Amino acid sequence: MSPRPLPIASAYAPWDDAVLFEVSWEVCNQVGGIYQVLRSKAATMVQRWGDAYLLVGPHLPAAAEVEVEDEPALDFVGELVQELGAQGLRVRHARWLVDGRPRVLLLDHELQASRVEEVRERLARDHAIDPGQRDALVDGTLAFGEAVRKLLAAATRLAPERGRRRRVVAHFHEWLGGVALPMLRREKLKLATVFTTHATSVGRFYASDKTDFYDRLPYLDADAEAMKYGILTQHQLERVCARECDVFSTVSPITGEECAVLLGRAPDLITPNGLNVARYDVGHDFQTLHAQHKEQIHRFVMGHFFPSYAFDLDRTLYFFNAGRFETRNKGFDLCLESLARLNRELRTASPGTTVVFFIVTSRTTRSLDPSALHARAVLDELRVVSLRIGESVGERLFRRSAAGERVVLDELVDEYWRLRHRRVQHAFRSDRPPLLATHVLDDPEHDPILAHLRALGLRNAGDDPVKVVYHPEFISPVSPLWGMDYEHFVRGCHLGIFPSSYEPWGYTPLECVAMGVPAITSDLAGFGRFVADVYPDHDEWGLAVLPRRGRSFEESAGDLARRILRFCQLDRRARIALRNEVEQHSWAFDWSRLAGAYHEAHDRALATR
């Protein structure tokens, strides 16, 4: 059954006298998922708004140097930059080096401590926002908010050519980008506003700490929980932004539920997140690329496991979960529980199959584990020696075979290379079990993932069909263990497993789909809920939605283990067919389909002014 398409987003702006400023702490600043939203959506927004679309973010020089290309502002934005410069606010006008090359205004938002205190006092006086503890991130966002306030106040005063006043709509993302919104509203400026929250602070903290968040949600005292977790300022900023904006949106219906309870306002509409699928589209080569990048993962696995013992790589499947270090929210705990069950099942249900499961996250570490580095270096040397012997033997074998001689292969290898090969082989072997973690952690005895692995008995023993690699650093080409992009790693894997217990949206399974990799998400993730609502046949084409709401941890773990086992029992031809199905459905999540909700939010806001 083919996917039921959403309406294609309108490609024109009905407001020819309007300008759109989209404000976020993550413009040209890769922190989390909002960065992905903004950069992937940019081309669609430029298609509709042209140069009347401007992204606004903080000027962080180290990040900006690789993200943007400076460009002089020749239209009314040039006047705006000059006026703000006269007020002491430096604004960098540039093009973001992403698809669509949108205009960006990066604000030099640094303020003296006394000026930050003035912003705190203003928010406390006018909006009853708790001043909060002195926190570097909060201080930075307050300073950024004051710079945004100046920018948008000036933008509403400037008249364009021919004396017509330009209408201004400002779209703020999260509390980090929304500080200016209540201040601007108090100034009673003719400004249309949209506020999108991609999660709630209380929801994220509470779900990390407690189970059954959505069952407990109707009974939560939001202020009390915010005080408990030390996030009262952030929570109150979210709530006042939700209250004061013209149009309030969030990314999924499930997050809308927590907004209604915790922020006191249900969203006016849902703005689901998409991707620029064309960026991932490689045509028919996606199967070839899977094979190529799987070979790179093979190389890592050989270096990690083969010093201790070997297994058949042709019967090995690579699964992964990746994201922030939130063991419960991201479903790391459920993955490991299910894999422990799978470990027992595979011994009888699918003997000979090996599963290597990667947990890819970011933790404070001291270094890469020296033994992992040593093993990889020796493996690379073994490959060099083996290839050198192969080249030498191949030519000699060819000549003697052509001459009709009887060939003894051992005699074709020079004594030097035979000895060198034996020495490298010996150096590669180890009598220690394979590592669980690739890095030296600050406190391995109390690390929750290592503790969970020990409790479950997942120790990478030779007779374990399921192996686990805990990689507490995001994969990158500069890593000596990998030498590959995260995107290439995803393409080389067979299955992404993301059974989140709290995930307002969830880009990781969506990225899998865009690259033709089957994935499992959950009905407690915004993306999973969206897929379940819009595409009832999702299981048939490789995107499973694990039911978690209203179920116990044990029930969910058993269900997940059964789903993974069924995948393990597919033969190679069935896995190839499934990847084809996934890839064919990826365009359903392109921004050309999903940006319409953003356009509606902007149109609604402008209609109020």
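The values are calculated or read from the model by the stated rules, or taken from the named source; none is laboratory data. Note that the structure is a prediction, hence the values are computed from the model and not measured. Heads up, the Cβs are rebuilt from the backbone with ideal geometry, glycines too, and the neighbour counts pull from every protein chain shown. Quick note on the areas: whole protein, heavy atoms, side chains included, nothing else; ligands and nucleic acids left out. Shrake-Rupley method; radii C 1.70, N 1.55, O 1.52, S 1.80 Å.
The figures follow:
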{"item": "Tally, over segment 262-289, of residues that are of a type in the set (S, T, N, Q), in contact with a helix residue (DSSP H, G or I) (Cβ under 9 Å, 6 or more places away or on another chain) and closer than 24 Å to Arg575 by Cβ", "result": "1"}
{"item": "Per-region count, segment 235-253, residues part of a helix (DSSP H, G or I) and either under 18 Å from Ala170 (Cα atoms) or modelled with pLDDT under 95 (or both)", "result": "9"}
{"item": "Filter result (more than 13 Å from Gly558 (Cα to Cα), open to solvent by 30 Å² or more (accessible area, probe 1.4 Å) and either touching a strand residue (DSSP E or B) at 6+ places or on another chain (Cβ under 9 Å) or of a type in the set (D, E, K, R) (or both)) within segment 334-350", "result": "Arg347"}
{"item": "Residue within segment 338-348 that is at pLDDT 95 or above, over 19 Å from the mean Cα position of the chain (by Cα), polar (S, T, N, Q) and within 27 Å of Gln292 (Cβ to Cβ) present", "result": "no"}
{"item": "Leading residue by the ranking (nearest to the chain's Cα centre (by Cα)) among those in segment 302-316 that are open to solvent by 30 Å² or more (accessible area, probe 1.4 Å) and in contact (Cβ under 8 Å) with a residue 40 or more places away in the chain", "result": "Met302"}
{"item": "Residues that are open to solvent by less than 10 Å² (accessible area, probe 1.4 Å) and aliphatic (A, V, I, L, M), drawn from segment 243-263", "result": "Val247, Val251, Ile254, Leu262, Leu263"}
{"item": "Residue that is farthest from Leu339 (Cα to Cα) [pool: residues in segment 385-402 that are among the aliphatic types (A, V, I, L, M) and surrounded by 12 or more Cβ atoms within 10 Å (Cβ to Cβ)]", "result": "Leu397"}
{"item": "Condition check for Leu55: crowded, with 22+ Cβ neighbours inside 10 Å, part of a helix (DSSP H, G or I) and either at pLDDT below 95 or under 21 Å from the mean Cα position of the chain (by Cα) (or both)", "result": "no"}
{"item": "Cβ-Cβ under 8 Å pairs, at least 6 apart or on other chains, segment 141-155 side in contact (Cβ under 8 Å) with a residue 40 or more places away in the chain, far side of a type in the set (Phe, Trp, Tyr) and assigned to a helix (DSSP H, G or I)", "result": "Thr141/Trp175"}
{"item": "Conditions (1) surrounded by fewer than 21 Cβ atoms within 10 Å (Cβ to Cβ); (2) among the aliphatic types (A, V, I, L, M); (3) under 27 Å from Thr200 (Cβ atoms); (4) at pLDDT 95 or above: number failed by Val534", "result": "(4)"}
{"item": "Those residues of segment 185-221 which are assigned to a helix (DSSP H, G or I) and buried (at least 23 other Cβ atoms within 10 Å of the Cβ), in sequence order", "result": "Ser201, Val202, Gly203, Ala207"}
{"item": "Filter pass, Gly283 being buried (at least 22 other Cβ atoms within 10 Å of the Cβ) and at pLDDT below 95", "result": "no"}
{"item": "Checklist (1) open to solvent by 50 Å² or more (accessible area, probe 1.4 Å); (2) over 31 Å from the mean Cα position of the chain (by Cα); (3) under 30 Å from Gly596 (Cα atoms) applied to Glu117, failing item", "result": "(3)"}
{"item": "Qualifying positions in segment 351-381 - part of a helix (DSSP H, G or I) and either crowded, with 19+ Cβ neighbours inside 10 Å or touching a Gly at 6+ places or on another chain (Cβ under 7 Å) (or both)", "result": "Ala372, Ala375, Arg376, Val378, Leu379"}
{"item": "Test: Phe319 is in contact with a Cys (Cβ under 7 Å, 6 or more places away or on another chain) and open to solvent by less than 30 Å² (accessible area, probe 1.4 Å)", "result": "yes"}
{"item": "Filter result (under 20 Å from Ser592 (Cβ atoms) and in contact with a Lys or Arg (Cβ under 8 Å, 6 or more places away or on another chain)) within segment 43-78", "result": "Val46, Tyr53, Leu55"}
{"item": "Residue, farthest from Ala605 (Cα to Cα), within segment 264-279, restricted to residues that are outside any strand (DSSP E or B) and open to solvent by less than 10 Å² (accessible area, probe 1.4 Å)", "result": "Val277"}
{"item": "Failed criterion for Gly303 (all others in (1) small (Gly, Ala, Ser); (2) assigned to a helix (DSSP H, G or I); (3) at positive phi hold)", "result": "(3)"}
{"item": "Cβ-Cβ under 8 Å pairs, at least 6 apart or on other chains, segment 58-87 side free of Cβ contacts under 8 Å to residues at least 60 places away in the same chain, far side exposed (fewer than 11 other Cβ atoms within 10 Å of the Cβ)", "result": "Gly78/Pro72"}
{"item": "Condition check for Glu110: of a type in the set (Asp, Glu) and either in a loop (DSSP other than H, G, I, E, B) or within 33 Å of the chain's Cα centre (by Cα) (or both)", "result": "yes"}
